[in-house]
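Presented below is the structure to which this report refers.
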Amino acid sequence: MKNKVVLGITVLFLMVGSFFGGSYFERQKIKTSPITPLSLISPIPQKIMVTEVSDGDTLKLSNGKTFRLYGVNAPEVKEPYFEEAKVFTQNLVLGKEINFEQEENYKVDKFGRELGYVLVGGVNLNIELVRNGLARVVLYEKRAKIKYQDELLSAEKEAKVKSTGVWKK
């Protein structure tokens, strides 16, 4: 019985000590960590411009990052309609200020490119490329429905019906 009482007191002492000790050390860590200016935590929105168009679905931005359109795949070099897709994208966004939206779970690809949807002047570039037959919709079975999935699929259906671009027979 005496051993159980000693064990109980020891466990209680350790629990209380851990609780207060952890709080103490957490406060010390906060005190000694360098202060980060608020501007580094939540940067002031900056104007993002497209400085280069690599192909129909890949852009270089004024902030030095590379952006890849999500949910679509434009033709690659030496594939039919590569040049048309690239020129289409250049005409719509090159040298212009853009806005972009990202998916909740898919923000960067395996190459480090940011992923999302490009909006310029109220126009969604991803959807317009598909609507004009200059990109195909890319969906993955095991992933959740993407933000503009319905619009992209509708635009692709429209391009197929019109036999436009990559869907030309």
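Each value in this text was obtained by applying a stated rule to the coordinates, not by laboratory testing. All values reported here derive from a predicted model rather than from experimental measurement. No Cβ is skipped: glycine too gets one built from the backbone with ideal geometry, and neighbour counts run over all protein chains shown.
Among the listed pairs K78/K169; K65/K107; K110/K162; K86/K169; K60/K169; K107/K160, which are separated by more than 24 Å between their Cα atoms? Where the Cα-Cα span goes over 24 Å, the pairs concerned are K110/K162; K60/K169; K107/K160. Calculate the spin-label point distance for L153 paired with Y106, positioning each point 7 Å from the Cα along the beta-carbon direction, and give it in nanometres. Roughly 1.4 nm, to one decimal.
Classify region 116-167 as rounded, prolate or oblate, taking a ≥ b ≥ c as the square roots of the eigenvalues of its Cα gyration tensor: rounded when a/c is under 1.5, otherwise prolate if a/b is larger than b/c and oblate if not. Judged from the Cα gyration tensor, region 116-167 comes out oblate (a/c at least 1.5, b/c at or above a/b). Note on Q90 and S54: the model spin-label points, each 7 Å out from Cα along the C-beta direction, lie 1.7 nm apart.
Please compute the net charge surrounding A74, taking Lys and Arg as +1 and Asp and Glu as -1 over other residues with Cβ under 12 Å from its Cβ. Summing Lys and Arg as +1 and Asp and Glu as -1 gives -4.
Candidate cross-link partners of K145 among the aspartates and glutamates, defined by an alpha-carbon separation under 14 Å and a same-chain spacing of 8 or more, comprise E103, E104. Applying the Karplus relation 6.51 cos²θ - 1.76 cosθ + 1.60 with θ = phi - 60° to region 55-65 yields 3J(HN,Hα) values of 7, x, 10, 9, 10, 9, 10, 5, 8, x, 8 Hz, where x marks Gly and Pro.
The local environment of T164, defined by Cβ-Cβ distances under 9 Å, has a net charge of +3 under the rule Lys, Arg +1 and Asp, Glu -1. Site pair K162 and V5 shows an inter-label distance of 8.9 nm when each label is modelled 7 Å from Cα along Cα→Cβ. If the segment from E141 to V123 were pulled out straight at 0.36 nm per residue, it would be longer than the present Cα-Cα gap by 3.8 nm. Over all other residues within a Cβ to Cβ distance under 13 Å of K147, the charged ones net out to -2, with Lys and Arg as +1 and Asp and Glu as -1. Sorting L69, L115 by the number of Cβ atoms found within 10 Å of their own Cβ, with the fewest placed first, yields L115, L69. Based on alpha-carbon atoms, the Kirkwood radius and the radius of gyration of region 48-167 give Rg/Rh equal to 0.94.
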